[in-house]
Amino acid sequence: MASKQAQAIVDLYKEWSGKLTMTGDMTLDQLRELFDDWGDLSTEPAGVKFHEATLAGVPGVWATPENADKSRVVICCHGGGFSVGSSKSHKKMYGHLAKAVGCPTFTLDYTRAPENPHPGIVEEAVAVYAQLLDQGFKPEHIATTGDSAGGNLCTSMILYARHKGYPLPACCAPLSPWYDMEGKGASLVTNADKDALVGNDILEGMVAAFLGENGSRTDPFANPLYADVKGFPPTLIQVGEYEGLLDDARRFYEQAKAARVDVEIQIFPEMQHVFQFMAGNAPEADDAINKIAAFMRPRLGLA
């Protein structure tokens, strides 16, 4: 049974849905301002310092915990349908992750859609990865993670990096990943009355913005469900039981398992889309963050 604290994300999503219904003519800037409130669900992580930086021309925010091993790094890709969300909305959640793992995280502020349609976003993410390699980080000391659209990006950036000839990072942890640009997941129907945020209507608008006029819904660098994932790094997928995108996570898990990837899926009972946002406030979110850290630490060579 979900904790009382976990109701906070349901309440926020219902509040947003009400605003979106009442003001269907919201501008993109207004939507982006609204979604930056996502970060209000997280507490400020104690003992973590934040600072802005730019890597390969891409701005972002470093979160560095006390006594961090600075030879390791987790690249964090924020969600928001590739159109909203930012380091402002996500830095506290990924700050909690940095503290749990014991190394810095870098949350990308990639140029969002529709200003930067596919493949621009994945190219920016790979450029950041390449810059870290140039700075001396070993690939086996780099992990990727991301939520929702960022769960797609933390996956597709590895596929694209491989395509470009780069060595692969140590591991990957997609959270509530949005992979399917075709919207074929059965859970979009079966969980329609349980998911307080994500539905076909909102996804269709984001698909159009992300892919632009010439993008393909089956491009494997946009839709990893069409990718060859043989040889993909160890992967941990986390998803909520009540999510419309539950089947995106399940299908990628089955795809990776069939390709003999070291892959695990954790489905959290009664949880909503990116419930990890409640880090510091809800036990389910803290449990999830700790499980990501337990997965990443040995793969990054952290004791």
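The values are calculated or read from the model by the stated rules, or taken from the named source; none is laboratory data. Quantities reported herein were computed from a predicted structural model and do not represent experimental measurements. Ideal geometry is used to build each Cβ from the backbone, glycine not excepted, and the neighbour counts take in all protein chains shown. Each accessible area value is taken on the protein alone, full model and side chains, heavy atoms only, with ligands, DNA and RNA left out. Shrake-Rupley method; radii C 1.70, N 1.55, O 1.52, S 1.80 Å.
A few points about this structure:
- Checked against (1) closer than 22 Å to Asp40 by Cβ; (2) touching a strand residue (DSSP E or B) at 6+ places or on another chain (Cβ under 8 Å), Gly80 passes all but a single condition, namely (2).
- Criterion (out of contact with any Gly (no Cβ under 6 Å at 6 or more places or on another chain), under 27 Å from Glu123 (Cα atoms) and either open to solvent by 10 Å² or more (accessible area, probe 1.4 Å) or touching a residue at least 12 places away in the same chain (Cβ under 8 Å) (or both)) met by exactly one of Ala282, Ala222, Ala192: Ala222
- Qualifying residue in segment 41-53 (condition: within 15 Å of Gly85 (Cα to Cα), touching a helix residue (DSSP H, G or I) at 6+ places or on another chain (Cβ under 6 Å) and not charged (D, E, K, R)): yes
- Helices (runs of 4 or more DSSP H) wholly inside segment 1-120 containing at least 2 residues that are among the acidic types (Asp, Glu) and either open to solvent by less than 50 Å² (accessible area, probe 1.4 Å) or more than 16 Å from Gly280 (Cβ to Cβ) (or both): 7-22, 28-35
- Qualifying residue in segment 146-153 (condition: aliphatic (A, V, I, L, M), at pLDDT 95 or above and touching a helix residue (DSSP H, G or I) at 6+ places or on another chain (Cβ under 6 Å)): yes
- In this structure, Asp247 qualifies as modelled with pLDDT of 95 or more, in contact with a Ser or Thr (Cβ under 6 Å, 6 or more places away or on another chain) and part of a helix (DSSP H, G or I).
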